[in-house]
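To keep things clear, I will list the structure first and then write my remarks on it.
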């Protein structure tokens, strides 16, 4: 039993058990049945005292005099309400005595109209066009004094305003001359609105009609109170009175119609209000009572939040009758789903606000239900918003909300060009890297299951010295088809660096069309238009630069093709398979190929010569799919069409890997299934069978959430080679409901790797290695996914012909931590991705590598590496160094890193293991100096070697940096890494030189662990820290290569954090919280209650109080008893129940904990000393124990329960 197991338990009806307790080695509870309770007097007294104190504080806080910026309430201004009837004048009376209370001497006020309405002060001469008057007041004149100002509203002005506001600026010319504003609100008078004017209802004789719901709303600005009355006895309303302001009020109509005879009845509900201008309003109710017959059918009508169906409830229809229903969405909602007898009626989405359904020729009972949807609300946090390139920024929309809890995915547009480059599932945080200096307005949107979204943006400022991109062309204008040569040969990196990559966006749509390591390229434009060609270059540091050039293509001499695109279906639920058909006409040439972009991301998803293709959508949204047709003259034309995809309210399950028709072989074929909506799923089970068989075979154990993807492996080597097998996934939702996917058919084939749709996959159980070989389709984007969540996504055009792609999980990293991975920590297994016969890529490839964070603490499991610092690198086997990919983004929702790369090789995940990084718990306590906020001391531990610290110029003596750790933690340090920086890109040599690293258990006494001279280059330099334990780290820079200033890029210490660096047995933060110092040892007993400090920490009790919860038992006694020392309602006791029927036996219960021995004793006379032992030293089991008194010979009997520590 944990401490909380008995917390809050109350004695049963038989009474409270009074007790005395004898402590030392044994705690005893004396039991006698009686009926008194326990008053909670202590806490009640405390609450009363607290309320009295607060009341006294409030009573003494009255404001006096004039305060700058205060907007005065109706006193000293009389209450004012402006109606909506034409031109009128109102008088405003000011109590100047109240305004100037406490002032002395001659004072004056200047009243200035700040509106265009005009006003008149009748007690002075008012000059047209002058907006101020002076009101004199002295202390000799009795107070209060009133002055009247007349404000005239032009005809029609008041009627056109909603919550209008008139402001007068009042300046006090005595004392400080403060300025305040007096505001008068102009409101529309309240108006009663009713959601419907009439209700028609049919019920069956001898029954009470089902409830109806109506809504009252307000057409004005001011609230109104109302009274509801019914004119007939069979109709009741609830509530009968209330108030209505901005939010609608729900009113329930109840029908007591059991005694009504068959016939037609009419009643009214009147809404009256003394404030509303249109009072009274009424609602008419027409009721038809049908005679009891066997041919009357009911239609049960229900609706979710966000709308209604009228009529609602139980609607009765005679045999063969007809009836109409109106489905109406509320404001800011749309109809999401309508079901008749669990069958969906059509496709609904944004814009579907009203729907009329006619049910005809009713011959059975029905159910009708509607669901509604509203847009999500985004709550976005962004950090950091500025820094040196490459800058890692976390966009976190996880606090976003959706009334229907169906946020489907999050997307980010980093450059506000309309191209959302990154998408993650749910309201997931995204960590992206900005490698090009500049100012970005980045936009993030959260999208729900119906494509509705909410967005927010943030401005990101990226500093740094970037390479220079320059682009020239062979021509910039000409008729289609126009072939242009591009030259980036004049592009250049900063001193000491070189350009490693050129990314070409030939059509200016924000998507890379080709990547090269050469600065020259060619492209043919087959369609007239203006193309803003973009070039992005990347240097060996990962820094980037962009440039653009405009290409104008005029109309061709020949006639280009004309294209139209048909889609079927155009709307539906995920997973939605859509057929696309392109129709070409009127061209001079013959179409030679089609390029398809199904998801409007600017990337070609499929190429080929077929004009009809299919694509499956698995994420909700509105997609503008497009096709580009090219003829033999290289002339091209495009067409597009829209596909609307939403998520079904009812669960759907499908298999994404392997594809239908795939040939498979191996002992670890990856199976991946999906369920939407994901939050409805309890588990998923894969099954398979021979295509010719009837019985399914269960594959492995059920798979449990987290949602979205369910993964396992399948050994097919023991199945029939050459046979066809069916696969399916069954999702279990609710208590007894299951949903089965469509069947996926595969062929078990030992020659799979040589087939066009072949997959061969092997796993070596026990060492984490796995190999998947898959045939690549050069005409379509190919995704290779393994069961551990590794993806390799190869776009169209990467390989010129079909080839074999291989993804290999090779286990933990064995390569040296050098190059771009120097000073970082390797995470998990490395992956090797390769394509047979492909040595260089013409398109960027996406690699997705998962990481583990099962407890969602934003720390990679089994490490001290913060998720926010995760990145990926590729290993250059030629140079023997790790290098940066084009980009690496962290998806914290699906817990993976998405890499964009132009190399296929070995990839690894890495993180910043620097304990001084703020994300790891490091705290910069103090430093000597810094040159600017761009070269600040904070740059030393940010994990970015391109940012750096620079001292003041010249430095004023040795420069020191003192670090600690959050929550008073300490650290065990293994090594330190210093990365020098000389500002060589600016022609300087500001390298740091002499250094020392010291540690201490306090901020006064430091010892030097390592010191020496730093080399004048930018490569990391490592120094041993000898597993020293400390609470504080000090870095001292005492000299440099240049006396005008010293610079340093990174300072890192590796090792592990420890909550108890002194080895006291309790965390340091706990010692500070209770003792204010580190002087106590864990085995000490500060409060002398018998429980050591370690015991107090484990129990959660206060080590400075003998009785933490004030219940009369010391903390040690409650620890022995196995109850909570922090909960006064948790105490050691037995509970008795009523006698068993006809037996006279009593049953007693108590909670037990392991590590304790329990004994039960009884006696018939408390004056005696000889107790009978009923249970002796029975071990606790963390369960409730029951004891039955089977001795009924005694009229009265007393029991006691004892507990002691087990030896």
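The table that follows gives values for the structure above.
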{"quantity": "Residue in the range 1128-1147 that is outside any loop (DSSP other than H, G, I, E, B), surrounded by fewer than 17 Cβ atoms within 10 Å (Cβ to Cβ) and in contact with a helix residue (DSSP H, G or I) (Cβ under 9 Å, 6 or more places away or on another chain) present", "calculated": "no"}
{"quantity": "Selection status of residue 1021, modelled with pLDDT under 95 and touching a strand residue (DSSP E or B) at 6+ places or on another chain (Cβ under 6 Å)", "calculated": "yes"}
{"quantity": "Tally of residues being surrounded by fewer than 19 Cβ atoms within 10 Å (Cβ to Cβ), out of contact with any helix residue (DSSP H, G or I) (no Cβ under 7 Å at 6 or more places or on another chain) and within 27 Å of residue 1062 (Cβ to Cβ) across the range 1101-1122", "calculated": "1"}
{"quantity": "Any strands (runs of 3 or more DSSP E) falling wholly within the range 554-630 and containing at least 2 residues that are under 30 Å from residue 844 (Cα atoms) and in contact (Cβ under 8 Å) with a residue 40 or more places away in the chain", "calculated": "562-568, 576-585, 591-597, 606-608, 612-617"}
{"quantity": "Residue match in the range 1063-1075 (condition: buried (at least 21 other Cβ atoms within 10 Å of the Cβ), part of a loop (DSSP other than H, G, I, E, B) and on the phi < 0 side of the Ramachandran plot)", "calculated": "yes"}
{"quantity": "Check on residue 733, more than 26 Å from residue 795 (Cβ to Cβ), touching a strand residue (DSSP E or B) at 6+ places or on another chain (Cβ under 8 Å) and surrounded by 15 or more Cβ atoms within 10 Å (Cβ to Cβ)", "calculated": "yes"}
{"quantity": "Residues that are surrounded by 17 or more Cβ atoms within 10 Å (Cβ to Cβ) and farther than 15 Å from residue 712 by Cα, drawn from the range 756-777", "calculated": "757, 758, 759, 760, 773, 774, 775, 776, 777"}
{"quantity": "Selection status of residue 988, touching a residue at least 40 places away in the same chain (Cβ under 8 Å) and closer than 24 Å to residue 952 by Cα", "calculated": "yes"}
{"quantity": "Filtered residue count, the range 841-855, keeping only those that are crowded, with 19+ Cβ neighbours inside 10 Å, at pLDDT 90 or above and in a loop (DSSP other than H, G, I, E, B)", "calculated": "1"}
{"quantity": "Where residue 1098 falls short, out of the listed (1) surrounded by fewer than 18 Cβ atoms within 10 Å (Cβ to Cβ); (2) part of a helix (DSSP H, G or I); (3) over 41 Å from the mean Cα position of the chain (by Cα)", "calculated": "(3)"}
{"quantity": "Any chance residue 671 is within 30 Å of residue 555 (Cβ to Cβ) and either assigned to a strand (DSSP E or B) or not assigned by TED's automatic domain parsing to the domain that holds residue 788 (or both)", "calculated": "no"}
{"quantity": "Residues being outside any strand (DSSP E or B) and in contact with a helix residue (DSSP H, G or I) (Cβ under 7 Å, 6 or more places away or on another chain) - total across the range 1153-1207", "calculated": "0"}
{"quantity": "Test: residue in the range 827-834 that is over 15 Å from residue 760 (Cβ atoms), in contact with a strand residue (DSSP E or B) (Cβ under 8 Å, 6 or more places away or on another chain) and surrounded by fewer than 17 Cβ atoms within 10 Å (Cβ to Cβ)", "calculated": "yes"}
{"quantity": "One residue from 746, 730, 713 being within 23 Å of residue 653 (Cβ to Cβ), within 30 Å of the chain's Cα centre (by Cα) and part of a strand (DSSP E or B)", "calculated": "730"}
{"quantity": "Pick from the range 919-963, criterion in contact with a helix residue (DSSP H, G or I) (Cβ under 7 Å, 6 or more places away or on another chain) and without any contact (Cβ under 8 Å) to a residue 40 or more places away in the chain, ranking: nearest to residue 868 (Cα to Cα)", "calculated": "924"}
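Yes/no per residue for (1) surrounded by fewer than 19 Cβ atoms within 10 Å (Cβ to Cβ); (2) without any contact (Cβ under 8 Å) to a residue 60 or more places away in the chain; (3) not assigned by TED's automatic domain parsing to the domain that holds residue 402:
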site: 636; (1), (2), (3): no, no, yes
site: 640; (1), (2), (3): yes, no, yes
site: 659; (1), (2), (3): yes, no, yes
site: 679; (1), (2), (3): yes, no, yes
site: 682; (1), (2), (3): yes, yes, yes
site: 695; (1), (2), (3): yes, yes, yes
site: 700; (1), (2), (3): yes, yes, yes
site: 715; (1), (2), (3): yes, yes, yes
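The values are calculated or read from the model by the stated rules, or taken from the named source; none is laboratory data. Here the structure is a predicted model, which is why all the values come from computation and not from measurement. Neighbour counts run over all protein chains shown; Cβ positions are idealised from the backbone, glycine included.
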